Structure formats: C-alpha cells, structure tokens
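The structure appears right after this line, and notes come after that.
The values are calculated or read from the model by the stated rules, or taken from the named source; none is laboratory data. On a predicted model such as this, the values are computed, not experimentally measured, just so you know. Positions of Cβ are backbone-derived with ideal geometry, glycine not excepted, and every protein chain shown enters the neighbour counts.
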Amino acid sequence: MNRWLLAMAGALTLVAVAGILPRAAVAADTGAGATTLTRGPVDGARWVPTAARLDARTEHVYVAEGDGGGGGGGDLAKQLQNPVADLISVPIQANLDQGYGPEDHAYQWTINVQPVIPIKLNCRWNVISRTILPVIVQEGRLPGQDDAVGLGDTVQSLFFSPRDAKGLIWGVGPVFLLPTATEDRLGAKKWGVGPTAVVLKQQGPWTIGFLGNHIWSFADAGTRSDTLEDPEVNATFLQPFVSYTFPSAFSLTVNTESTYDWENETWNVPINVFATQVTKICRQPVSLGLGFRYWAETPDGGPEWGIRLIWTFLFPK
C-alpha cells in the first residue's frame, strides 16, 4: 500500500508544479458528479451505490480581459462558466479511497474517463452528452479474496439545455446505467434509467449549484458467476456544490456526493475539498486539480478517506 501512496504523492506534486509554473489565464474545476455501482463493502454479497464524481462538469473561470485561451480568454471564460456550454472536454479523474472492509485496510482505485460532448439541436437548444466509464482496481476486502481489476458500469447522461440561458443555468434529461462491468464485483449486471438535472447560479467569482439524478433498474444483464442474487437498483444521487475562483487563476471547491440506496436504506456521503487550475501544456488547454475527501457516512465496511487527481483536456472552438 505504501508504494501506491508514494506514487500518488509524486503525481500530485507534479500536477501542482505544472499548474503553478505556467502563466494561467483561467482557473476551472470539475464540480458535479454521478453515481457508480460497486459491491457491498464488507461481505461482497450485495450491491450498493457509491458516489464517484462522474456525471457533470461544472467548470468555471475567472479571467482578466485579454488573457489567452481558445477564441480569446473572454470567450473561453464564458464557455467554462457554463456547465452546459458548447465546449468539448475530456476529464480524467483518478480517485484513491482507503478504509474498505471489516478491518478498514482495503483500498480502491477508480479512474473515471468522462468525455463531455455538446450537440446543437437548433438555435435555442443544446443537448450535452456526458459519458462516464470507470476503470477500477479493487483490493480484496476479505481474507484470501483476490483483487478485482476491470471496467465498471457506465453512466450516460443527456442534458437538454437552452443555449442562451439567463440568470439560472440549467439542464434536464435522462440518465442511463449500462452494464459494462467486466467483473461481478465491479458492477450491478443491471440495465437502469432515470431522470437527471443540474441547476446553478454564477455571480462574480462564486458558483453555487446542485446536481441530482435517480436510477431504477428495469432489466437484468445476464447471470452472475458467483450465483448471488442482486437487488434491484434504486438509488438517488444528490450533489450540492460551491466554489470560489480567485483572480490569480486558482479555484477552490467544496461539495458532497451523496447517494441513498433505497433497497438497503443506506447512505454514502463523501465530503470533497479540492483545488484546480487551467493552463496550457504544449499549447493544449488543460485543467489540473487535486483534492481530499472524507466519507462522513457509509454502510459498514465503507471507505474512510480518499484522494482525487483531475486532469481535464479542453477543446474550445
């Protein structure tokens, strides 16, 4: 485990240096999420939803007039301030959560690949496609249990949003759970669907908002190799968030990513604090971020704390 922590510490140090040294014109953060489904933390005999900040990007910027950026700093600032803006981005989010299992010693790596693609429907409406594909390394949580490595279930969201929203920025649409997990312990083997919505207000350097969704399963996706019977997926995800961007191109964000499992009547409530910055690396605009999270509420055997590293590729038009 020490080698994992040393590797993470080195990566975080490199990201911090890379974000501070260049002259950054803008600062951004990834502030919204979605749920993933993983096996129950202790006995591995049931499925519970766990929060992983996946679903929606609430990046925002605070720039000086005339600073650099795709199409000009002002144009990029307006796009990044809007979570349903006409901007293609590819966030890659690495999460290390520690404290799983009956002895609180097991860890889990979750690397979320999250392409965000806006599509113009007409002169008044956009649809924003947000795909979340997790790659998971899960240490065995019981004595003698092997590690599980592979893909988790995919969460696909579509937000329909007005192109020229004034005041409140919002988007609504469907969310889908796709059974792409390659290991039984890493997914629910269920097809799911439900509603999702995001609303936020940006004024000056402040961004305050809320994202939520609910997923119901409606069909099985095959049989399990371990012959365990899985309950239906019936989970609500709630994420309030607030962030402040300094004139120095540095952003701080605090949010929760709470998931309530209606089948098992349990909460997962991680509290996240993280910092981000936008810069350019080899002329490519990127957003770099790192943070810490504390799990305020979990089922028995859930994680206790975690570290997050964020690397977002930005493609302004």
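Some observations on this one:
- Restricting attention to the range 77-89 and to residues that are of a type in the set (A, V, I, L, M, F, W, C) and not in a loop (DSSP other than H, G, I, E, B), the residue that is modelled with the lowest pLDDT turns out to be ALA77.
- Candidates ILE271, ILE215, ILE281, ILE307 - the one that is at pLDDT 95 or above, under 22 Å from VAL113 (Cα atoms) and over 16 Å from the mean Cα position of the chain (by Cα): ILE215
Residue-by-condition table, conditions (1) part of a loop (DSSP other than H, G, I, E, B); (2) basic (Lys, Arg); (3) within 22 Å of GLN202 (Cα to Cα):
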site: LEU252; (1), (2), (3): no, no, yes
site: ASN255; (1), (2), (3): no, no, yes
site: ASN272; (1), (2), (3): no, no, yes
site: GLY289; (1), (2), (3): no, no, yes
site: ARG293; (1), (2), (3): no, yes, no
site: GLY306; (1), (2), (3): no, no, no
site: LYS317; (1), (2), (3): yes, yes, no
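- Whenever a residue of the range 231-247 is at positive phi, it has no partner that is of a type in the set (A, V, I, L, M) and in a strand (DSSP E or B) lying with C-beta atoms less than 6 angstrom away and at least six residues away or across chains.
- So ASP147, is it among the acidic types (Asp, Glu) and in contact with a helix residue (DSSP H, G or I) (Cβ under 9 Å, 6 or more places away or on another chain): no
- Close pairs from the range 160-185: first without any contact (Cβ under 8 Å) to a residue 24 or more places away in the chain and buried (at least 17 other Cβ atoms within 10 Å of the Cβ), partner of a type outside the set (Ser, Thr, Tyr) and not in a loop (DSSP other than H, G, I, E, B), Cβ under 7 Å, at least 6 apart: none
- Residues that are in contact (Cβ under 8 Å) with a residue 60 or more places away in the chain and either of a type in the set (Gly, Ala, Ser) or more than 16 Å from ALA235 (Cα to Cα) (or both) within the range 149-159 comprise GLY152, SER157, PHE159, listed in sequence order.
- Index of the failed condition, GLY302 passing every other in (1) crowded, with 23+ Cβ neighbours inside 10 Å; (2) in a strand (DSSP E or B): (2)
- Check on PHE241, closer than 21 Å to THR110 by Cβ, hydrophobic (A, V, I, L, M, F, W, C) and in contact with a Ser or Thr (Cβ under 8 Å, 6 or more places away or on another chain): yes
- Residues located in the range 218-250, provided they are at pLDDT below 90, of a type in the set (A, V, I, L, M) and part of a loop (DSSP other than H, G, I, E, B): ALA221, LEU228, ALA249
One line per residue, one yes/no per condition, for (1) under 23 Å from ALA235 (Cα atoms); (2) at pLDDT below 95:
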site: PRO91; (1), (2): no, yes
site: HIS105; (1), (2): no, yes
site: GLN114; (1), (2): yes, yes
site: TRP125; (1), (2): no, yes
site: ASP147; (1), (2): no, yes
site: LYS166; (1), (2): no, yes
site: PHE176; (1), (2): yes, no
site: THR182; (1), (2): yes, yes
site: LYS189; (1), (2): yes, yes
